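Bear in mind these aren't lab numbers, they're just calculated from the coordinates by the rules spelled out. Note that the structure is a prediction, hence the values are computed from the model and not measured. Glycine also receives a Cβ, built like all others from the backbone with ideal geometry; neighbour counts cover every protein chain displayed.
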Amino acid sequence: MSGRRGLFPILFVFAAAGLFGSLLLYLNSVDKQQQRYKQHTEMLEMSYRAALHTYRVATEIYLRDTIRQPDVLALFARAWQTDLTGKARLRQQLHDRLRGSYQELWQHRLRQLHFHLPDGESFLRFHQPDRFGDKLFDVRPSVRIANTELHDVTGFEAGRIIDGFRYVTPLRYQGLHIGSVETSIPFKSVQTAMTEYAADREYQFMVHAELIQERLFPDFRSVYAPSPLSEAYLIENPGRKHPDTAVPLSTTATAIAERLRRDTETMQRMARNEAFSVGLIQAGSGYVVSFLPIKEVTGGKGGYLVSYVKEPLVTTIKRSFVFELLGFAGLLGFAFWLLLRWRGSLAQLAEQSAKQQYEELLLIQQEAIEHGERTRISRELHDGIGQALHAVLLRLKLLLGTIEPGRGAERIAIGELIQDIQNASAELRNLVISLRPLPLSGMKIDEAVQWLCNNLEKDGGVSLLLQIAGDFDNVSDQCSLVLFRVCQEGLTNILKHAAAKRVQVSLQRQDATVVLTICDDGSGGAQPVGTSGSGLAIMRERVGLAGGRLLIESPAGQGTRIFVELPCH
């Protein structure tokens, strides 16, 4: 249960990291899209301004070379000061004078040439010569500004017949203001010029429906049709058969426009008159639709210039986001798997550490109990049985001294008793030696083994060769304790059972381990480790608890070899 509780914080952290990483990837994807969309918006604006600049230059050349000629200005100046009959005559004369040059305007896609009197009265529309005399100040701000503020006015403006992109300039003759002249181009001219800059794009201009309703002559309402993008805008009627009608959108672009009509965010941005671009996927291909607000000459809302272009980057960015998200999820999952494995390893290490601590504690407790028992038994054997045997031996020797030499049988029997008691005393001494407590307090393991070997060689009656190699300063107490007990147990068994005359003991430090080897030339045939009642089984238990390994080779008649390897720490 605690493991599950410990897993919940990890899951929470990874879930939070997943959400945060996914958010960053999403924001990065959105930023890439927005940067690309911004480029499309800027490109649309530059193309639009470049197209208008081209026509402005053409208009200024035409005005300089044709309209501002003295005879033309003199003819037009007389119209302001004459009656209706005179105006009609002058209108015809002006029309005849400029008819040829007006045809040249068409070659430059300039479709309209319109003269206005100083009070805003329409004097001559070359594109509609029969419509004149209407007052324009209320419906044509560009005409009012040019004739009252006396400066050029350029830009988009809805008109009485059709909207257009206009260039209105005041005219002067002999220092007097005589009216204004206007050139205008339909959207088709702008569309054609922009298509020359970027042939892969489709363009459509939408004008505010309110402007058309306020200004257009009623009999020209059929020029317009509802926009597929928004009911608040009108477009040129695609079914209108006229040379100046703009090229309609393709089926795909129209379908995209109808989709965006249902997009709330797009409609809201249009309502705020923003310049922006949006991306979407249509029929498996990516497209970018750019919106450029077009203001009227007064600065008010005029309409929107919209471009449609196929953009593979839209799908590329979306796919890239999906792949990045999948890759991030994979990395996060892999990290989570590694963490779980690491957590499992920590749990195993903790379990092993707890087990090792338990075994060390068990070994310490066992050694403490054994130490107490050994001390008690050794003292009792030495002080009790040892002293009793010594007393008996002394009495037998005294008794032997009192028996006359002639009593040979009694002397032999007493001598045998003395020998038996001496043998028993020697066996008792070996037993007491094996039960002596560990002398490790203040000693290193090499010193303790040397002390043990010296005592056993002196008291056990065997030839003992000791070899020590290496540095034993940082050997742990547990390792030292186990090595000493195994060495003590092994040598005691040799003295008791092996009938050996020579014993070799080797203690070596090898990197992170200590190796103890005990060899004798005794009778061999030691019981296999694990046999019930065998002292060798005790060795195996000690070594196992300390995390080491024990090997015993004891063929009959060939002596015994004990090999012990323990970790230093």
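When only the Cβ of Lys, Arg, Asp and Glu is charged (+1, +1, -1, -1), the dipole of region 439-569 relative to its Cα centre reaches about 320 debye. Each of 43, 267, 194, 206 was scored by other Cβ atoms within 10 Å of its Cβ. Arranged with the fewest first, they read 267, 43, 194, 206.
Which lysines have a Cα less than 22 Å from the Cα of residue 501, not counting those fewer than 8 places away in the same chain? Answer for residue 501, where 22 Å is the Cα cut-off: 458, listed by chain and number. When you filter the GluC sites (Glu not before Pro) in region 215-296 for DSSP loop state and at most 14 other Cβ atoms inside 10 Å of their Cβ, you are left with 231, 274. Take the Cβ atoms of residue 400 and residue 558, set R0 to 35 Å, and the FRET efficiency comes out at 0.25.
Beyond 25 Å in Cα-Cα separation lie the following of the pairs 135/188; 241/295; 38/295; 38/301; 355/496: 135/188; 241/295; 355/496. Once you sort the root eigenvalues of the Cα gyration tensor of region 54-184 as a ≥ b ≥ c, which label holds: rounded (a/c under 1.5), prolate (a/b larger than b/c) or oblate (the other case)? In terms of gyration-tensor shape, rounded.
Residue-wise HN-Hα couplings along region 227-235, as the Karplus relation 6.51 cos²θ - 1.76 cosθ + 1.60 with θ = phi - 60° gives them from phi, are 7, x, 8, 7, 6, 7, 10, 10, 10 Hz; Gly and Pro carry x.
Only aspartates and glutamates eight or more places from residue 444 in sequence, or on another chain, were considered; those with a Cα closer than 16 Å are 471, 473, 477. Simple point charges give the picture: +1 on the Cβ of Lys and Arg, -1 on the Cβ of Asp and Glu, and for region 54-184 a dipole about the Cα centre of about 200 debye. For region 107-264, a simple Cβ point-charge model (Lys and Arg +1, Asp and Glu -1, everything else neutral) yields a dipole of about 260 debye relative to the Cα centre.
Loop-resident trypsin sites (Lys or Arg not before Pro) (DSSP state other than H, G, I, E or B) in region 454-523 with no more than 11 further Cβ atoms inside 10 Å of their Cβ: 501. Where the centre of each part is set by its Cα atoms, how far does region 98-133 sit from region 252-291, in angstrom? Using only Cα atoms, the two centres lie 38 Å from each other. As a rough footprinting exposure proxy, the listed residues 111, 56 were ranked by other beta carbons within 10 Å of their own, and the order from fewest upward is 56, 111. Could you tell me whether region 439-569 comes out rounded, prolate or oblate from its Cα gyration tensor? Rule is a ≥ b ≥ c as square roots of the eigenvalues, rounded for a/c under 1.5, then prolate if a/b exceeds b/c, otherwise oblate. Note, shape of region 439-569 comes out oblate. Most simply put, region 439-569 has about 75% antiparallel DSSP beta bridges, counting only bridges with both residues inside it. Ranked by how many other Cβ atoms sit within 10 Å of their own Cβ, fewest first, the residues 130, 152, 163 fall in the order 130, 152, 163.
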